[in-house]
Amino acid sequence: QRELEAALTEAELEQRVEIFLTETDTLWMLDVPTALVSTEAEEAERVLERNKIYLEICDSKAGTEYFEEKMVQTISGAVKTKEVQCETITVAEKGMMVTSWDLDNSLDASEPEPTKTEEPGAPAGESSKSPSAEEHGQAVAVPSAKGTIALFCPSAVPARPQEEKECHSKAILASENLQQDLVVMERILMENIFQPKFAVYRQIPVLKEPPVTSGTETDEAEHEEDEEEKKEEKKQEETSLKASLLSEVDQSPAEAAAPSLELLWSYRCDLTSGHSVSSMAWNKVNPDLLAVGYREFVSQDQKKGLACCWSLKNPMWPERIFHCEHGVTAVDFSLAKPHLLAVGLASGRVAIYDVRSRNDAALLDSSTSLNEHKGPVWQLRWMEQDRGATGGDRKERLMCISGDGRMTQWFIQQRLDCSDVMKIKRTESGKKKLPGERERKSEAPLSQQAAGMCFDFHPEDTDIFLAGTEEGHIYCCSCSSKGQILGTYRGHKGPVYKVAWNPSSTDMFLSCSADWSILLWHRDSHTPLITFTSVTAFVHDIKWAPKSAFIFAAVNERRVEIWDLTVSIFQPVLSCAASPEGNLCSILFARNAECLLLGDSCGQVGVWQLHNLAAPSSDQVGLCSEPGLP
């Protein structure tokens with residue numbers, strides 16, 4: 001400013017400058033629409049009473065430290081009155097009762113009666129059998145023109161119609177139309193049973209069934225009793241409303257309710273009983289379709305596994321069931337083709353199923369591939385090659401990590417084949433490095449390969465991924481440079497079961513292990529920033545909350561834990577035993593609801609509602625981006 005003032009001349013200083021002041025746009029801080037109720041409406045008295053109670057509360061709380069009255073400027077919208085006239089819709093109910101013999105009679109009437117045959121030479125109009133004898137099931141003697149006598153047994157005649165009836169009933173039961181109608185009826189029954197739970201999951205008001213009233217006229221005494229009952233109910237509602245309003249006004253911020261979990265329902269059936277839930281994955285297009293992988297171990301021998309597709313329309317039986325020869329260890333849906341489900345097995349085989357088909361056979365199988373895995377496929381995931389493409393131009397690659405120490409990329413063509421992205425080699429443990437010291441390039445790898453347990457790709461750069469191993473190391477690798485390790489993170493003393501990048505702060509990631517701990521890492525630091533340990537049990541799975549950069553969930557053998565880094569880094573904000581029958585082994589956040597899915601070793605997937613879990617503001621996300629700051 002001093003340089004500009006020195007450069008101005010007297011003529012410029014005397015020059016006239018025009019400044020225009022204009023009104024800025026209106027900033028809407030809060031928009032509460034006005035609720036208007038007609039004075040002739042049934043709820044008019046209740047609304048007036050509610051307003052009266054609120055004014056009394058405001059007068060009683062004047063002068064307290066938790067109540068402050070302020071004036072704001074509001075804009076009242078123009079009121080419009082619209083009237084619609086329509087005819088009354090008449091409804092009529094009709095019903096009838098059908099018994100089993102009515103159904104049999106209707107089938108008999110629809111079938112043609114067998115024609116009566118006559119012997120050659122018999123008189124016209126003379127029947128070849130006697131009705132009275134047929135009723136008793138006796139043999140009938142019929143004389144012929146040649147003098148011989150033919151015996152006729154009427155008891156054998158109804159055999160053919162009875163067989164036709166059985167074949168007709170079997171055809172009805174096996175028809176596709178009947179199967180589809182039964183599926184619709186089953187979903188209607190499930191909707192009636194789970195309607196309150198579904199409403200909580202959808203975050204919509206719970207609908208209550210209205211009372212059924214008869215069409216007959218009631219007596220005056222009954223009418224008076226109903227009015228008294230309504231008055232008592234109205235008084236109870238007013239007292240409860242007043243108490244709730246008083247509690248809301250008197251409650252301080254420190255008395256806020258603690259986070260909690262509420263079980264809504266469980267995906268389970270007799271078919272999945274006795275199996276352990278190994279993995280879960282949501283469909284990328286249909287948020288109500290869940291794929292669950294099951295495996296079973298008896299005396300260290302692997303039995304057959306299952307891959308089931310559960311729908312929100314029927315929590316009691318899966319929509320699709322795929323039987324596998326070995327235990328299922330990983331599942332994931334495709335994004336470019338949402339009807340394709342990839343399944344990894346404990347035998348090292350990879351299979352792809354088409355969920356649109358009711359056929360149990362796999363669409364593609366890696367049994368014909370020469371590069372098939374020799375160890376269990378612990379995790380697989382579909383990855384986009386070009387994120388900018390849309391629709392049918394999307395290209396995906398199926399990434400797998402196995403216990404044989406290989407990270408592979410699978411190609412879907414006429415058959416399923418793969419190529420190695422990297423081979424994880426076991427390394428010798430050298431001397432302890434100082435904090436912040438990078439990995440030395442001179443460490444000599446052994447010939448023995450380390451088993452890969454898990455992986456996760458960077459949320460922004462799909463070329464970078466993390467790989468957890470059985471020896472407790474985490475490698476940061478690149479797909480473009482085959483086998484190139486960008487960094488090694490040592491901190492766990494047991495197998496690394498899961499690694500997960502933070503979706504908001506992309507330089508941070510979590511890892512859990514069999515050493516009872518959860519570690520928080522920064523990409524540029526090879527030592528963990530924070531160690532989370534609450535119980536002495538294996539931590540099987542971890543997941544970041546989709547709407548917060550500071551909240552994550554973890555499951556160990558006994559309990560589920562919710563950690564909020566803005567509240568505490570020493571204790572979880574929620575820890576509870578969510579599976580009394582078995583051990584927890586898998587966790588997943590719901591995509592379109594505030595719910596958590598927990599899979600256990602008994603084959604159950606519980607859907608739990610999260611309550612009072614406050615999400616931090618987006619301004620706090622940047623605090624996690626700097627190394628060394630929790």
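The values are calculated or read from the model by the stated rules, or taken from the named source; none is laboratory data. Computed from a predicted structure; not experimentally measured. Ideal geometry is used to build each Cβ from the backbone, glycine not excepted, and the neighbour counts take in all protein chains shown. To get the accessible areas, we keep the full protein, side chains included, count just its heavy atoms, and leave off ligands, DNA and RNA. Shrake-Rupley method; radii C 1.70, N 1.55, O 1.52, S 1.80 Å.
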Completion exercise
Note: Gln414 to Glu43 extended length (0.36 nm per residue) minus current alpha-carbon separation gives 126.8 nm
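Taking R0 as 30 Å, what FRET efficiency do you get between Leu189 and Glu166 from their Cβ-Cβ distance, rounded to the nearest 0.05? List each step's numbers first, then the result.
Numbers: r = 29 Å, r/R0 = 0.96.
Approximately 0.55, to the nearest 0.05.
Relative contact order for the stretch 447-588: what is it in percent, counting Cα pairs under 8 Å that are at least 6 residues apart?
Values: 364 pairs, mean separation 20.2, N = 142.
The normalised contact order for the stretch 447-588 reaches 14 percent.
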Problem - Separation in nanometres of the label points that stand 7 Å from Cα toward Cβ, at Asn105 and Asn592 - result: 5.0 nm
Handout entry: Segment Leu370-Ile204, length gained on full extension (0.36 nm per residue, minus Cα span)
Key = 54.5 nm
Practice task
Calculate the spin-label point distance for Leu363 paired with Phe67, positioning each point 7 Å from the Cα along the beta-carbon direction, and give it in nanometres.
Solution key: 6.4 nm
Handout entry: With all protein chains modelled, accessible area of Arg558 [1.4 Å, Å²]
Key = 140 Å²
Practice task
Heads up, I need the accessible area for Ser481: 1.4 angstrom probe, whole protein in place, Å², nearest 10.
Solution key: 40 Å²
Handout entry: Spatial extent of the stretch 511-553: Rg and Dmax, with the Cα atoms as the point set, Å
Key = 11.1, 29
Handout entry: Calculated FRET efficiency for the pair Asp463/Ala7, C-beta based, R₀ 45 Å, to 0.05
Key = 0.25
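Express the Stokes-Einstein translational diffusion coefficient of the stretch 463-613 in µm² s⁻¹, to the nearest whole number, given a Kirkwood radius over alpha-carbon pairs, 10 °C and a viscosity of 1.306 mPa s. The partial results should precede the final answer.
Numbers: Rh = 15.9 Å.
For these conditions, the coefficient is 100 µm²/s.
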Practice task
Note the full-extension length gain between Lys423 and Asn612 as 0.36 nm times their separation in residues minus their Cα-Cα distance, in nm to one decimal.
Solution key: 63.6 nm
Problem - Kirkwood-based shape ratio for the stretch 485-557, expressed as Rg/Rh from alpha carbons - result: 0.94
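Give the calculated FRET efficiency between Leu529 and Leu335 to the nearest 0.05, with a Förster radius of 25 Å applied to their Cβ-Cβ distance.
Values: r = 32 Å, r/R0 = 1.28.
In this case the efficiency is close to 0.20.
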Fill in the blank from the handout: Expected field for Ile569, accessible surface area in Å² at 1.4 Å probe radius, rounded to 10, holds 50 Å²
